[in-house]
Amino acid sequence: MRLFAALDIPDAVREALAELSDRLKKTCPDARWVRLEGVHITLKFIGEVPTEQVDGIRQALHQLPSFAPIEVRFAGLGFFPSARRPRVFWAGVEAGPQLAAIVASIEMKLEGLGIPPEKRPFQPHLTLARFEPPQRTQALSAAVQALGTPEFGRETFREFHLYQSVLKRSGAEYTRLVTYPFLREPAS
């Protein structure tokens, strides 16, 4: 099974991103634009795991410590690795250090199960499009620069989810397997 842990984004943010994407697609029609109904904040891409390991992953995530709810601001646009040679076009996700602490806890718990930690530093974002180099992205870059730092909304998160991802010709299909509240009930 192909798994990942993520935060769902609110519908209002999804709608704002869809409106923006529709406008920007004209500037870079050759990009692979993401289907926004599936967009989420990835906390940990776990990857392909044997079915028999899924219960251990579920239990490990249930053992995370409690966390306070997290306030997230969705704002800004950018490119990975850079606007000059982009591979990914993204919308910004701004959160305090608590989000990174949750990600670090997830990494630690799963590393104990033999799932390697992410090598790159955690940079929360929402992927809007992907590019195959060389691709002309100058018009998109200019349009993004002209927009400044658009705001897409805010949300207070109180839970994250474990998802299964099935790759299909029409794109990835996600199924929510488990929901994990940040605030845990004390064990009795």
| request: Kindly indicate whether E118 is under 16 Å from the mean Cα position of the chain (by Cα), touching a residue at least 12 places away in the same chain (Cβ under 8 Å) and in a loop (DSSP other than H, G, I, E, B). | output: yes
| Top-ranked residue of the range 68-119 - restricted to ones that are polar (S, T, N, Q) and open to solvent by 40 Å² or more (accessible area, probe 1.4 Å), ranked as modelled with the lowest pLDDT | S82
| Within the range 173-188, restricting attention to residues that are loosely packed, with under 14 Cβ neighbours inside 10 Å and in contact with a helix residue (DSSP H, G or I) (Cβ under 9 Å, 6 or more places away or on another chain), which residue is nearest to L24 (Cα to Cα)? | E173
| H161, sole failed condition from (1) open to solvent by less than 60 Å² (accessible area, probe 1.4 Å); (2) in a loop (DSSP other than H, G, I, E, B) | (2)
| said: Under 8 Å between Cβ atoms, which residue pairs at least 6 apart in sequence (or on different chains) link something in the range 128-154 that is closer than 15 Å to V34 by Cβ and open to solvent by 50 Å² or more (accessible area, probe 1.4 Å) with a partner that is of a type in the set (S, T, Y) and at pLDDT below 90? | reply: none
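Each row is one residue, and each column tells you yes or no for (1) of a type in the set (S, T, N, Q); (2) buried (at least 18 other Cβ atoms within 10 Å of the Cβ); (3) in contact with a strand residue (DSSP E or B) (Cβ under 9 Å, 6 or more places away or on another chain); (4) in a strand (DSSP E or B).
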| residue | (1), (2), (3), (4) |
| --- | --- |
| V13 | no, yes, yes, no |
| E19 | no, no, no, no |
| P29 | no, no, no, no |
| I46 | no, yes, yes, yes |
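Evaluate the range 164-181: report whether one residue or more is aliphatic (A, V, I, L, M) and in contact with a Gly (Cβ under 7 Å, 6 or more places away or on another chain).
As a first pass, look at the range 164-181 and keep what is aliphatic (A, V, I, L, M): 166-167, 172, 177-178.
Next cut, in contact with a Gly (Cβ under 7 Å, 6 or more places away or on another chain) only: 172.
The answer is yes; a qualifying residue exists.
Residues being in a helix (DSSP H, G or I) and over 18 Å from the mean Cα position of the chain (by Cα): count how many of those fall in the range 76-109.
The qualifying residues number 2.
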| message | Here is a list: R2, R35. Which entry is in contact with a Gly (Cβ under 9 Å, 6 or more places away or on another chain), under 17 Å from G171 (Cα atoms), in contact (Cβ under 8 Å) with a residue 24 or more places away in the chain and open to solvent by 70 Å² or more (accessible area, probe 1.4 Å)? | response | R35
| field | Selection within the range 139-167 - modelled with pLDDT of 90 or more and over 30 Å from P69 (Cβ atoms) | value | A139, L140, S141, A142, A143, V144, Q145, A146, V166
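The values are calculated or read from the model by the stated rules, or taken from the named source; none is laboratory data. Computed from a prediction, not measured in an experiment: that's the story for all the values here. As a convention, Cβ positions derive from the backbone with ideal geometry for all residues, glycine included, and neighbour counts pool all protein chains shown. When the accessible area is computed, the model is the full protein with side chains, heavy atoms only, and any ligands, DNA or RNA have been set aside. Shrake-Rupley method; radii C 1.70, N 1.55, O 1.52, S 1.80 Å.
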